[in-house]
Amino acid sequence: VLESGRIDFSGQQLATKLSNALLVSSGVVAFIIGFVMQRLSYSFAAYAFGVLVTYFVALFPWPYFKRNPVVWL
């Protein structure tokens, strides 16, 4: 899976969209958890978990980031 660190341009765009969506949604979920539980530490823990999930999904060059390779002349 991680044999080549190169992803294509549409894969970079997808990674950016995924990371933005995951970070915003984890922030919203962390706020709701912290508000409902009335504990700021739960909010921080939920957001940290969301950041780790985002890191795992968007950082590595997964095959779904390599679907449209650039063909050079």
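Every number in this text was worked out from the coordinates using simple rules, so none of it is lab data. Keep in mind that this is a model prediction, so the values were computed, not measured. Cβ atoms come from the backbone with ideal geometry, glycine included; neighbour counts cover every protein chain shown.
For the reader, a short list of remarks on this structure follows.
- In order along the stretch 47-58, the Karplus-derived 3J(HN,Hα) couplings, from 6.51 cos²θ - 1.76 cosθ + 1.60 at θ = phi - 60°, round to 5, 4, 5, x, 5, 5, 5, 4, 4, 5, 6, 9 Hz, and Gly and Pro are given as x.
- Per-residue packing, averaged as other Cβ atoms within 10 Å, sorts the ranges 31-44, 11-24 into the order 11-24, 31-44, beginning with the highest.
- The fraction of all Cα pairs in the chain landing in successive 5 Å bins from 0 to the largest distance is 3, 18, 20, 17, 12, 10, 8, 6, 4, 1, 1, 0, given as whole percents.
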